[in-house]
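Read through the structure below, which is laid out as structure tokens, and then see the notes.
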Ligand SMILES: Cc1ncc(C[n+]2csc(CCOP(=O)(O)OP(=O)(O)O)c2C)c(N)n1
Ligand SMILES: [Mg+2]
């Protein structure tokens, strides 16, 4: 990857296996299969009333697993709702992420355990958090870096502008990973910018950018690896635009047939990232079709077992939402809590 040339042509495939050992390549496959199993099970659970509204990451597994694999364990990750499950790739229990989508306190993970910040649902607000973390780490003489995941729509937000302005000026050791999946719910990228690509936006902040095929796990790995090496060497931030096409609903509350073209979705699904990577591993003699299926099945079993554990826990009383939101609850919250408790007792 030549960062100074600023571009990787869209659709470029990783030419070789990037110098990764077979075990690392198969590890990436297991990571992607876990994210896929989590996503497919989560949608089923939501439909069965066992999870709340859920934001799918189907088709985003390559960019999530590829980026995570390029980081060191001490590098911090700042996810949006689309990357709710990336902590799993660092050993976060599956039960924790399932609980998060159930709105239960057990889903509130400790960011310090896996160096994974809490999910930001407000679009783009975590971009300045990631930049601030990275800058602070550098000032403390710590060589840990940060990576923020955000969407194409986030690049229209004020927080994105503030974060990138800051990152460029202080040369924060941060990777700004834009998941360009073509849509901000139903708003297309063409409504987010008149520029040719989102990576063009980075130039205005003095930040180099690369554009990669977000469906190619090795291309994302390579671009992120180069960006993180730059960051660690003191060369500052990099904007990585990972391009894909959202082949699934925005979230379980969405009706995508109102704006997605079904023919395009069907065509994109033909070369979705997990099948594509499995084909590449097969071509290199590293994984048979049967082994790929076994990996997928065992990852699905892990998610199912985790859901069984989550559902065995005793149900939470509704007042729990007041108990866990504030360390020091303001009086209004305390009186609301008391009122809810009295209502419960009266019933
Ligand atoms: C500040 C803010 N404004 C609006 C919303 C409502 N909203 C939720 S998802 C979304 C679209 C975001 O699109 P994008 O940044 O492309 O991310 P993607 O969902 O495609 O991963 C919007 C506008 C929000 N969550 N936060
Ligand atoms: Mg988007």
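Any chance you could list the semi-axes, whole Å, largest first, of the equivalent ellipsoid that the Cα gyration tensor gives for the range 151-219, using √(5λ)? Before the final figure, lay out the partial values.
Values: eigenvalues 78, 50, 22 Å².
Sorted largest first and rounded, they come to 20, 16, 11 Å.
At a 10 Å Cβ-Cβ cut-off, how would you order 277, 112, 259, fewest neighbours first? Mind dumping the intermediate values first?
Values: 277 25, 112 9, 259 13.
Fewest-to-most ranking of 277, 112, 259: 112, 259, 277.
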Size-normalised alpha-carbon gyration radius of the range 296-347, reference 2.2 N^0.38 Å: 1.74
Distance (nanometres) between label positions extended 7 Å along Cα→Cβ at residue 309 and residue 264: 4.1
Viscosity 1.002 mPa s, 20 °C: Kirkwood-radius Stokes-Einstein D of the range 72-140 over Cα pairs, µm²/s: 171
Pairwise centroid distance, computed over Cα atoms, of the range 100-118 with the range 218-266, Å: 23
Cα principal axis extents for the chain, largest first, Å: 68, 50, 42
DSSP bridge pairs, the range 110-225: antiparallel proportion in percent, nearest 5: 25
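Express the Stokes-Einstein translational diffusion coefficient of the range 193-343 in µm² s⁻¹, to the nearest whole number, given a Kirkwood radius over alpha-carbon pairs, 20 °C and a viscosity of 1.002 mPa s.
Working: Rh = 21.0 Å.
It diffuses with D of about 102 µm²/s by this estimate.
Suppose only helical runs count, i.e. DSSP H with n ≥ 4. What mean residue ellipticity at 222 nm does that imply for the chain under -39500 (n - 2.57) per run, divided by all residues and rounded to the nearest 500 deg cm²/dmol? Intermediate results must be reported in sequence, preceding the final value.
Values: 13 runs with 160 residues, N = 347.
Result for the chain: -14500 deg cm²/dmol, rounded to the nearest 500.
Quick check on the exposure proxy: order 120, 273 from fewest to most C-beta atoms within 10 angstrom.
Working: 120 21, 273 27.
In order of increasing Cβ crowding within 10 Å: 120, 273.
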Highest-MSF residue in the chain out of 235, 227, 67 [GNM, Cα springs under 10 Å]: 235
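Which FRET efficiency value, to the nearest 0.05, is calculated for residue 113 and residue 162 with the Förster distance at 25 angstrom and r the Cβ-Cβ distance? Provide the component values of the computation, followed by the final result.
Working: r = 28 Å, r/R0 = 1.13.
Result of the calculation: an efficiency of 0.35.
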Rounded to 5, percent antiparallel among DSSP beta bridges of the chain: 10
Choice from 23, 241, 162 showing the highest fluctuation, given a GNM over the chain with Cα pairs closer than 10 Å: 23
Computed label-point distance, nm, for sites residue 334 and residue 90 using a 7 Å Cα→Cβ extension: 3.6
Relative exposure of 80, 314, 156, judged by other C-beta atoms within 10 Å (fewest first): 314, 156, 80
GNM flexibility winner over the chain from 320, 303, 77 (Cα, springs under 10 Å): 320
Prolate/oblate/rounded label for the range 188-227 (Cα gyration tensor, a/c 1.5): oblate
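Values quoted throughout were computed directly from the atomic coordinates according to the rules given, and no laboratory measurement underlies them. Bear in mind that the values here come from a model prediction, so they are computed numbers and not experimental data. Positions of Cβ are backbone-derived with ideal geometry, glycine not excepted, and every protein chain shown enters the neighbour counts.
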